[in-house]
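Any read-out appearing in this document is the output of simple, stated calculations on the displayed coordinates, not a laboratory observation. Quick caveat: nothing in here was measured; it's all calculated off a predicted structure. Cβ atoms come from the backbone with ideal geometry, glycine included; neighbour counts cover every protein chain shown.
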Ligand SMILES: Nc1ncnc2c1ncn2[C@@H]1O[C@H](COP(=O)(O)OP(=O)(O)OP(=O)(O)O)[C@@H](O)[C@H]1O
Ligand SMILES: [Mg+2]
């Protein structure tokens with residue numbers, strides 16, 4: 001007799017998926033969850049301040065209320081959130097305002113909701129959001145997430161004057177402060193390297209507040225939303241774009257919907273691919289749409305993607321932050337880009353410097369950043385670690401005797417994160433190749449400095465030894481001649497002047 005198990009089929013909501021698989025988003029345990037909560041809230045605050053065109057002033061308060069229960073409070077001076085979008089932004093997984101083609105810290109529409117979900121399942125507490133836009137009265141929301149249906153449950157909402165635009169988010173959660181505190185403070189410190197114009201004020205368990213940042217007082221130009229590049233048009237994206245513009249002809253569609261396609265490029269592309277420029281999009285069937293996508297992705301004559309959607313840190317900002325935070329003076333900076341992977345623009349910048357604040361190893365210590373966010377977990381899985389280990393740093397005299405730090409920042413409209421926790425970057429061949437040449441270039445520059453410093457150290461040592469010998473000779477000669485010991489400094493100076 002055969003025995004079968006009856007299968008039960010059903011679907012689950014995105015919140016339920018992330019509730020079951022929270023480790024994928026960086027919420028594996030109470031220590032990591034506290035780190036990720038602060039990280040997600042600070043990231044959102046920085047994005048909101050830049051959208052508002054204001055220098056970010058962010059206040060972070062963490063208070064332990066009972067063993068392993070903490071209250072997290074993050075307040076900013078950003079845009080605020082329109083009241084009609086508050087419930088969904090904070091109470092629905094995969095909802096947000098950042099799904100456009102420009103560099104942002106936020107990507108998935110997941111971060112703050114994961115933090116709220118973690119708070120809710122570990123302490124059964126709602127999130128409190130106080131938010132206010134410019135020239136309006138603000139609101140105070142208290143809400144939960146209905147995990148099963150992925151929708152917000154608003155417990156209460158009332159008018160509330162925050163005293164100025166911005167957002168304050170308060171989450172009560174289980175969190176292991178002892179285990180996460182060092183990493184947390186390191187994260188905040190490094191945030192000011194990638195965003196030198198932000199000011200962060202942190203208070204932990206009523207101790208004296210610490211402040212970070214404020215290395216620069218000018219905001220960079222904001223990255224602009226760009227139309228998609230034709231080489232990024234996969235079949236799903238193309239299908240949706242066509243659905244929005246069914247009445248357009250192929251030629252009009254290409255010119256209006258993509259960057260880097262003007263009248264001339266559209267004509268040469270369509271001619272080359274033997275397509276009718278006057279054909280209406282509504283007449284394209286599934287196979288023809290797939291063929292168009294394939295042709296766009298493979299056509300090499302399109303210009304590179306535009307870079308105005310990107311915002312690198314830049315040489316001046318990075319050097320200022322690095323010299324303020326680390327014991328170093330000579331910071332070598334280099335960048336590559338704008339380049340593209342799959343039609344997505346990217347830019348990599350790096351800074352390499354010697355430091356006495358760490359002990360040496362066979363390669364520089366790597367500090368990774370993506371879209372101005374420090375990446376502190378999953379380093380071994382990251383393309384930048386892989387490339388770091390492939391470079392022979394001993395060629396540039398950077399080994400255990402010369403400790404150094406290498407900063408790498410990738411910015412892109414689409415950072416190829418390996419998981420929803422946004423901690424490590426996938427090995428995209430273009431990124432791998434370009435970061436390797438960037439690392440080697442930086443290595444050569446610092447290598448030359450190391451060599452110069454070594455030979456001047458040798459010179460100093462030589463002078464010191466000579467001076468000591470001269471002093472001894474002078475002393476013995478004076479004893480023999482029964483006279484006063486002569487001055488040797490002048491003699492040294494004249495010797496080195498002559499040589
Ligand atoms: N402090 C804030 N100020 C203004 N808007 C905010 C703030 N926090 C969250 N939001 C809004 O809520 C949305 C959802 O935030 P969430 O962190 O879940 O996703 P995200 O930032 O878009 O992407 P990611 O999952 O990568 O963090 C944001 O897109 C933004 O519109
Ligand atoms: Mg976010």
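So here's what we get for this one:
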item: Residue list for the stretch 54-73, restricted to those being in contact with a strand residue (DSSP E or B) (Cβ under 8 Å, 6 or more places away or on another chain) and either assigned to a helix (DSSP H, G or I) or within 25 Å of residue 225 (Cα to Cα) (or both); result: 55, 56, 57
item: The stretch 11-33 - residue that is touching a helix residue (DSSP H, G or I) at 6+ places or on another chain (Cβ under 6 Å) and not in a helix (DSSP H, G or I) and, of those, farthest from ligand 2 (Cβ to nearest atom); result: 27
item: Helices (runs of 4 or more DSSP H) lying entirely in the stretch 234-340 (those with 2 or more residues that are surrounded by 15 or more Cβ atoms within 10 Å (Cβ to Cβ) and within 27 Å of the chain's Cα centre (by Cα)); result: 315-325
item: Looking only at the stretch 200-217, and only at residues there that are surrounded by fewer than 18 Cβ atoms within 10 Å (Cβ to Cβ) and touching a helix residue (DSSP H, G or I) at 6+ places or on another chain (Cβ under 9 Å), the one that is farthest from residue 65 (Cα to Cα); result: 214
item: Answer from 202, 193, 225 - the residue that is under 20 Å from the mean Cα position of the chain (by Cα) and not in a helix (DSSP H, G or I); result: 225
item: Qualifying positions in the stretch 38-53 - in contact with a strand residue (DSSP E or B) (Cβ under 9 Å, 6 or more places away or on another chain) and more than 11 Å from ligand 1 (Cβ to nearest atom); result: 38
item: Those residues of the stretch 107-129 which are out of contact with any helix residue (DSSP H, G or I) (no Cβ under 8 Å at 6 or more places or on another chain), touching a residue at least 40 places away in the same chain (Cβ under 8 Å) and within 14 Å of ligand 1 (Cβ to nearest atom), in sequence order; result: 107, 108, 128
item: Count of residues meeting criterion [more than 15 Å from ligand 2 (Cβ to nearest atom), within 22 Å of the chain's Cα centre (by Cα) and either surrounded by 21 or more Cβ atoms within 10 Å (Cβ to Cβ) or closer than 18 Å to residue 185 by Cα (or both)] in the stretch 34-72; result: 4
item: Failed condition for residue 154, given (1) under 20 Å from residue 13 (Cα atoms); (2) assigned to a loop (DSSP other than H, G, I, E, B); result: (2)
item: Residue that is under 18 Å from residue 136 (Cβ atoms), assigned to a loop (DSSP other than H, G, I, E, B) and either within 13 Å of ligand 2 (Cβ to nearest atom) or in contact with a helix residue (DSSP H, G or I) (Cβ under 9 Å, 6 or more places away or on another chain) (or both), where the choices are 78, 96; result: 78
item: Of all residues in the stretch 81-93 being buried (at least 20 other Cβ atoms within 10 Å of the Cβ) and in a loop (DSSP other than H, G, I, E, B), the one that is nearest to ligand 1 (Cβ to nearest atom); result: 81
item: Conditions (1) within 12 Å of ligand 2 (Cβ to nearest atom); (2) surrounded by fewer than 19 Cβ atoms within 10 Å (Cβ to Cβ): number failed by residue 111; result: (2)
